[in-house]
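J.: A single structure is presented below for examination.
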Amino acid sequence: MSGIVLIVEDEDKLAQILVDYLCQAGFKTHTLADGLAVVPWVHEYQPCLILLDLMLPGKGGVEICKEVRTFSATPIIMTTARVEEIDRLLGLELGADDYICKPFSPREVVARVKAVLRRGGAAAQSAAGLSLDESRYRAILHGIDLDLTAVEFKLLTLLAANPGRIYGRQHLMDHIYPDQRIVSDRTIDSHIKKLRKKMAVAGSGEELIQSLYGVGYKYEGK
Ligand code: CA
């Protein structure tokens, strides 16, 4: 995660005021005014928080919020000029972390940004990234249920038990198929591929499972 607060606001003056206040409070910022530019930017730079205006040229805040939530858990604070909009937005269950009504005091925005980041930081820490519930085959990464198959869960549990240790494919196969069933190397690769995909959706952009060409896999995480 980049540590940048992304400000999405098409009113130049307002955007500049937010930049000034957030910079004073020690944040790095980036500003976008075009709704269409937001999702690609978030993909590439992974901001630590998004201040998202509801009414934007190109693509609206509601749609942007939904799209970002398909690949990122980064906190989103939505801003709107209409207080009655907030009830409607809450009803849509967009996954935004907070809502602020305009006109707002920039001081209040900074306070809310800090509060949301504190909350997010606490959640990430308590999860220590990954938590595994072996009784239910449930894996939670950064607070998100990965919804793993039994095989994926077993692979992840083994790898995560010894971060940094490299496991060869044969070892992994013996672990998930103790009955010595004949499976090919590719079976492991395809399970790992699906597992990594699920983890990428919940993750913060880091590759937790790394492959070593021709050797096997390891888990890199805390
Ligand atoms: Ca606007």
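J.: Which residues, taken from the stretch 92-102, are assigned to a loop (DSSP other than H, G, I, E, B) and either touching a residue at least 12 places away in the same chain (Cβ under 8 Å) or under 23 Å from G3 (Cβ atoms) (or both)?
T.: Passing the criteria: L94, G95, A96, D97, K102.
J.: So, in the stretch 177-208, exactly how many residues are surrounded by 16 or more Cβ atoms within 10 Å (Cβ to Cβ) and at pLDDT 85 or above?
T.: 10
J.: How do the pairs read when you match residues in the stretch 27-40 that are of a type in the set (K, R) with residues anywhere that are part of a loop (DSSP other than H, G, I, E, B), using Cβ under 7 Å and keeping only pairs 6 or more apart or on different chains?
T.: K28/G3
J.: Still on this structure: If you go through the stretch 14-29 one residue at a time, how many are exposed (fewer than 15 other Cβ atoms within 10 Å of the Cβ), within 23 Å of the chain's Cα centre (by Cα) and not basic (K, R)?
T.: 1
J.: Where residues in the stretch 32-84 are open to solvent by less than 20 Å² (accessible area, probe 1.4 Å), part of a helix (DSSP H, G or I) and not aliphatic (A, V, I, L, M), which of them is farthest from the ligand (Cβ to nearest atom)?
T.: Residue satisfying both the conditions and the ranking: C65.
J.: Same structure, new question: Identify all residues within the stretch 93-124 that are aliphatic (A, V, I, L, M), surrounded by 12 or more Cβ atoms within 10 Å (Cβ to Cβ) and modelled with pLDDT under 90; write none if there are none.
T.: L94, A96, A115, V116, L117, A123, A124 - these are the residues of the stretch 93-124 that are aliphatic (A, V, I, L, M), surrounded by 12 or more Cβ atoms within 10 Å (Cβ to Cβ) and modelled with pLDDT under 90.
The values are calculated or read from the model by the stated rules, or taken from the named source; none is laboratory data. From a predicted model like this one, the values you see are computed outputs, not experimental measurements. Quick reminder, even Gly has a Cβ in these numbers, built from the backbone with ideal geometry, and neighbours come from all protein chains shown. Heavy atoms of the whole protein, side chains included, go into the accessibility calculation; ligands, DNA and RNA do not. Shrake-Rupley method; radii C 1.70, N 1.55, O 1.52, S 1.80 Å.
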